Amino acid sequence: TTGVTESFPVAGHAAAHKPLILSYDPSIYNTGGGLGALVDGRRGTEDFRDGAWQAVQGEDMVCTVDLGDVLLIEALETQLYLYQDAWIFMPKEVKWSISTDGLAYEDLPAQHPWGDALEPNSLQTVIPVRLEQPGMEARFVRMTLINAGPCPSWHDAATEPSWLFVDEFIVETPRQ
């Protein structure tokens, strides 16, 4: 033991500890705890250096979780980190897709409530993104975060690849 007590938010949900396929290799500096970090139940905090956030630079993030069985789903949620001074931008949009067989996917409404991801924003914060659409049935759920592109001309690091930081890919089912 280290003698240090650590506390962090936890999320129990249908995707927790389920098989996850990523289209990317997480940054070696921000793995979130490994390849299954987005479904480990541990949510990132207001400190993007807490070890729970998974990140990539200059590319999209596509994550697909296998729930094991076709389940009735009420909502999908994730949280993103915004800190433009550290080159961490919101994605252009968050897209979710669902499938019962892992082959044919149905696209759900895209989310981008923050508007233009490359507009200046002085906040350093966690931004939740949630899609409530009761009655969905799926075994496979895919989340796609579209990278905003290079840091814009107004930014101190203009033309450098921007970062995406995400933690926890939450799939909510009806309470039993």
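The values are calculated or read from the model by the stated rules, or taken from the named source; none is laboratory data. Since the structure is predicted, the reported quantities are computational estimates derived from the model, not experimental observations. Neighbour counts are summed over all protein chains in view; Cβ atoms, including those assigned to glycine, are modelled from backbone coordinates with ideal geometry. Quick note on the areas: whole protein, heavy atoms, side chains included, nothing else; ligands and nucleic acids left out. Shrake-Rupley method; radii C 1.70, N 1.55, O 1.52, S 1.80 Å.
Filtered by the rule that a residue be assigned to a strand (DSSP E or B) and within 20 Å of residue 48 (Cβ to Cβ), the range 87-108 gives 88, 94. Do we find that residue 12 is touching a residue at least 12 places away in the same chain (Cβ under 8 Å), of a type in the set (Gly, Ala, Ser) and out of contact with any His (no Cβ under 7 Å at 6 or more places or on another chain) in this structure? Considered against the rule, which asks whether it is touching a residue at least 12 places away in the same chain (Cβ under 8 Å), of a type in the set (Gly, Ala, Ser) and out of contact with any His (no Cβ under 7 Å at 6 or more places or on another chain), residue 12 comes out as yes.
Selection of the range 93-108 for residues being of a type outside the set (Ser, Thr, Tyr) and either touching a helix residue (DSSP H, G or I) at 6+ places or on another chain (Cβ under 8 Å) or under 17 Å from residue 170 (Cβ atoms) (or both) yields 94, 95, 96, 98, 108. On the stretch given as the range 119-176, residues that are polar (S, T, N, Q), in a strand (DSSP E or B) and closer than 22 Å to residue 72 by Cβ total 1.
Name the single residue, out of those in the range 15-45 being part of a strand (DSSP E or B) and at pLDDT 95 or above, that is farthest from residue 66 (Cα to Cα). Among residues in the range 15-45 that are part of a strand (DSSP E or B) and at pLDDT 95 or above, the one farthest from residue 66 (Cα to Cα) is 31.
Among the conditions (1) under 22 Å from residue 23 (Cα atoms); (2) open to solvent by 10 Å² or more (accessible area, probe 1.4 Å); (3) free of Cβ contacts under 8 Å to residues at least 60 places away in the same chain, the only one that residue 57 does not satisfy is (3).
Restricting the first member to the range 138-154 and to residues that are within 9 Å of residue 91 (Cα to Cα), and the second to residues that are open to solvent by less than 20 Å² (accessible area, probe 1.4 Å) and small (Gly, Ala, Ser), the beta-carbon pairs closer than 9 Å and six or more apart or on different chains are 146/117; 147/117; 147/162; 148/117; 148/162; 149/117; 149/162.
If you check 132, 168 for being under 20 Å from residue 39 (Cα atoms), acidic (Asp, Glu) and open to solvent by 40 Å² or more (accessible area, probe 1.4 Å), only one passes: 132. The set of residues in the range 97-129 being open to solvent by less than 20 Å² (accessible area, probe 1.4 Å) and either out of contact with any Lys or Arg (no Cβ under 6 Å at 6 or more places or on another chain) or more than 19 Å from residue 18 (Cα to Cα) (or both) consists of 98, 99, 108, 117, 129.
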